[in-house]
Amino acid sequence: MKKVLIVDDDMDYLFQLKTKVEKLGFEVITADGQYEAEQMLESFKPDLAIFDLMMENEDSGFILSYKMKRRYPDVPIIIATAVTAETGMSFAVHSEEERKWIKADLYMDKGIRADQLHREINKLLKI
Amino acid sequence: MELIKLLVVDDEPGIRSGVSRVLRDFSVSYPFMEEACKFEIIEAPTGEDAIEIINNNLPDIMLLDNKLPGIQGIEVLEYVSKNHLDIVVVMITSYASLEVAVKATKNGAFDFIPKPFTPQELRSSMETITKQVYFRRMTKKLNTAGKQIRFQFLSVLSHELKAPLNAIEGYLKMIEEKQYGDNVVDYHEIVERSLARVKGMRSLIMDLLDLTKIESGTSARDIKEVNLMEIAQISVDAMTPFAIQNDVNVYLNSHNEIKIKADAREIEIIFNNLISNAIKYNKAGGRVDFAIKLKDDFVVITISDNGIGMSEDDMSRLFNEFVRIKNQKTKGISGSGLGLSIVKKIVDTYEGDITVTSAPDKGTTFIITLPKNKN
């Protein structure tokens with residue numbers, strides 16, 4: 001069973017996304033912050049990771065992505081956030097240029113439907 | 001010392017040197033100004049010279065004669081308003097006919113000083129005008145600084161407001177999809193979580209209301225002599241159930257009456273916020289010591305706990321809006337992140353002071369000093 005690491009500091013969202021992803025047939029491991037996740041990644045390699053953008057700090061998700069890509073360049077990362085709708089700032093990772101510094105493979109809105117999420121995960125895992 | 005650049009445009013050398021003499025050592029100060037304003041005086045004998053000076057070195061105020069040898073004062077004024085220059089223009093003219101007055105006001109002249117004027121008349125006009133200049137400067141400063149802070153505040157606020165809604169919506173969808181089957185009992189936990197998020201959001205909204213009331217200064221403050229010990233007891237009583245729930249003891253260490261001129265509700269907001277923080281960021285079996293003492297003309301309020309404490313870095317950001325210290329030890333502690341910024345704002349309105357000392361795992365102490373008879 002493929003392992004998905006989900007990191008979010010909102011315990012309710014974490015629980016809901018975990019339930020959602022488990023239903024899609026994945027094993028889910030969770031962490032509630034950048035630092036806890038970093039520690040877990042020392043000894044564990046997931047098949048895919050979903051990070052919230054704002055955790056301890058506004059850019060925790062980016063930093064975690066950056067660090068994880070350095071350790072496991074082949075593991076796809078999804079950044080899940082509701083930031084765009086709130087601040088008007090957009091973090092889409094469509095161009096090669098953006099992907100290089102954001103270090104995430106996909107930017108996903110937190111309100112994503114389960115079937116869309118399933119499609120995106122499968123695409124990234126090449127299933 | 002704030003320096004205000006004043007340009008005097010008049011073809012009579014006597015008027016120019018007279019103005020210089022009267023205002024050279026004159027300064028304007030109002031209680032709301034941080035520093036007194038003094039004048040740097042520049043002279044121009046013609047309208048053409050005035051425009052050249054304006055282009056090189058924008059003055060704050062221009063005293064402008066209408067009747068000039070070349071172009072008229074009105075034309076200089078038109079130049080200023082056409083180019084949207086930020087100058088307070090005051091016409092000085094003995095020919096202040098109604099026509100000139102109307103035209104000048106239409107073009108943005110701020111005031112008139114009829115010629116001849118006495119030194120006292122000039123000084124009192126300058127006081128009013130300086131106030132105007134000062135306000136313009138302050139507004140400009142606030143706009144540039146404020147806009148950025150506002151944007152940051154709003155973007156974080158919308159995040160904080162949206163997060164609980166997203167969580168509740170997620171749970172409602174789980175119920176709608178009957179994720180755990182038909183038995184209502186199986187949904188107990190997610191209903192509890194939803195209610196907890198509603199509660200958190202409500203307290204955020206209450207804090208926001210407090211904050212906007214303080215910021216806008218519109219709430220009718222009820223300043224009168226209040227007994228701090230009485231308010232302290234009310235706060236401690238209100239917090240007791242929360243303290244019991246967290247296995248923390250709160251000790252109020254003062255007994256005497258301590259009177260101060262203040263708004264009782266504002267003082268209660270300060271006490272409640274600090275006590276509830278001291279309980280929240282504590283540990284099982286911990287204690288909170290709350291003391292109020294008189295020291296000269298000040299009241300010193302100390303609230304200390306022997307709880308989880310915080311780092312230097314955390315302390316430096318503590319009074320900012322929406323700052324919540326997030327680490328393993330604060331996991332599961334909820335709050336709006338507004339409490340201390342509200343406390344700080346209230347303390348500021350009393351011209352008081354708040355300081356914090358803390359050490360990780362040792363505890364935190366907040367000390368508030370309020371002047372006794374400020375309000």
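The values are calculated or read from the model by the stated rules, or taken from the named source; none is laboratory data. All values derive from a computational prediction rather than experimental measurement. Neighbour counts run over all protein chains shown; Cβ positions are idealised from the backbone, glycine included.
Please enumerate the residues belonging to the range A:1-31 that are part of a loop (DSSP other than H, G, I, E, B) and within 14 Å of chain B (Cβ to nearest Cβ).
Hits for the range A:1-31 are A:D8, A:D9, A:D10, A:L24.
Go through the range B:303-313 and give me each residue that's within 14 Å of chain A (Cβ to nearest Cβ) and touching a strand residue (DSSP E or B) at 6+ places or on another chain (Cβ under 7 Å).
The one that is within 14 Å of chain A (Cβ to nearest Cβ) and touching a strand residue (DSSP E or B) at 6+ places or on another chain (Cβ under 7 Å): B:M310.
Can we say B:I270 is touching a Ser or Thr at 6+ places or on another chain (Cβ under 7 Å), among the β-branched types (V, I, T) and touching a residue at least 24 places away in the same chain (Cβ under 8 Å)?
No: the conditions fail for B:I270.
Quickly run through the range B:270-297 and pick out the residues that are assigned to a strand (DSSP E or B) and closer than 18 Å to B:I231 by Cβ.
B:V288, B:D289, B:F290, B:A291, B:I292, B:K293, B:L294
Only residues that are acidic (D, E) and more than 24 Å from the chain's Cα centre (by Cα): list them for the range B:20-52, please.
Selection gives B:D25, B:E40, B:E43, B:E48, B:D49, B:E52.
Given the condition in a helix (DSSP H, G or I) and modelled with pLDDT of 85 or more, answer yes or no: does some residue in the range B:154-165 qualify?
Checking the range B:154-165: at least one residue is in a helix (DSSP H, G or I) and modelled with pLDDT of 85 or more.
For the subset of the range B:177-203 comprising residues that are aliphatic (A, V, I, L, M) and touching a helix residue (DSSP H, G or I) at 6+ places or on another chain (Cβ under 6 Å), which member is farthest from the other protein chains (Cβ to nearest Cβ)?
Going through the qualifying residues, I end up with B:M201.
Show the residue pairs that are 6+ apart or on different chains and have beta-carbon atoms under 6 Å apart, the first residue being within the range B:63-87 and over 23 Å from B:F39 (Cβ atoms), the second being aromatic (F, W, Y) and assigned to a loop (DSSP other than H, G, I, E, B).
That search, which allows pairs on different chains as well, returns B:K67/B:Y95.
State all residues of the range B:23-65 that are in a helix (DSSP H, G or I) and at pLDDT 90 or above; if no residue qualifies, say none.
Passing the criteria: B:L23, B:G47, B:E48, B:D49, B:A50, B:I51, B:E52, B:I53, B:I54, B:N55, B:N56.
Consider A:Q34 carefully, then state whether it is within 10 Å of chain B (Cβ to nearest Cβ) and under 19 Å from A:M54 (Cα atoms).
yes
Any residue at all in the range B:200-214 that's modelled with pLDDT under 90 and among the small types (G, A, S)?
Checked the range B:200-214: at least one residue is modelled with pLDDT under 90 and among the small types (G, A, S).
Quick grid of which residues meet (1) assigned to a helix (DSSP H, G or I); (2) loosely packed, with under 12 Cβ neighbours inside 10 Å; (3) away from chain A (no Cβ under 12 Å); (4) at pLDDT 90 or above:
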site	(1), (2), (3), (4)
B:Y171	yes, no, no, yes
B:V226	no, no, yes, yes
B:Q233	yes, no, yes, yes
B:V236	yes, no, yes, yes
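I'd like the full set of residues that are crowded, with 18+ Cβ neighbours inside 10 Å, modelled with pLDDT of 90 or more and assigned to a helix (DSSP H, G or I), limited to the range A:34-66.
Across the range A:34-66, the qualifying residues are A:A37, A:L41.
Tell me which residues, restricted to the range B:9-37, are more than 22 Å from B:S81 (Cα to Cα) and crowded, with 19+ Cβ neighbours inside 10 Å.
The answer is B:I15, B:R16, B:V19, B:V22, B:L23, B:V28, B:C37.
Kindly indicate which of B:D210, B:D186 is part of a helix (DSSP H, G or I) and closer than 23 Å to B:G352 by Cβ.
Within the list B:D210, B:D186, the selection yields B:D210.
Quick one: in the range B:329-358, which of the residues that are closer than 23 Å to B:G307 by Cα and under 14 Å from the mean Cα position of the chain (by Cα) is surrounded by the fewest Cβ atoms within 10 Å (Cβ to Cβ)?
B:K344
Search the range B:314-352 for residues being of a type in the set (A, V, I, L, M, F, W, C) and under 16 Å from B:M206 (Cα atoms), and hand back the single one that is nearest to the other protein chains (Cβ to nearest Cβ).
B:F322
Among B:Y180, B:Y251, B:Y187, which is crowded, with 17+ Cβ neighbours inside 10 Å and out of contact with any Leu (no Cβ under 9 Å at 6 or more places or on another chain)?
Just one listed residue meets the conditions, B:Y187.
Consider the range B:34-82. How many of its residues are over 22 Å from B:E127 (Cβ atoms) and among the basic types (K, R)?
So the answer is 2.
Residue check, B:S254 against (1) under 30 Å from A:Q34 (Cα atoms); (2) assigned to a loop (DSSP other than H, G, I, E, B); (3) among the polar types (S, T, N, Q), all met but one. Which one?
Looking at each condition in turn, B:S254 falls short on (1).
Taking the criterion of being acidic (D, E) and either surrounded by 21 or more Cβ atoms within 10 Å (Cβ to Cβ) or under 16 Å from B:R136 (Cα atoms) (or both), would at least one residue in the range B:54-66 satisfy it?
Yes, the range B:54-66 has at least one match.
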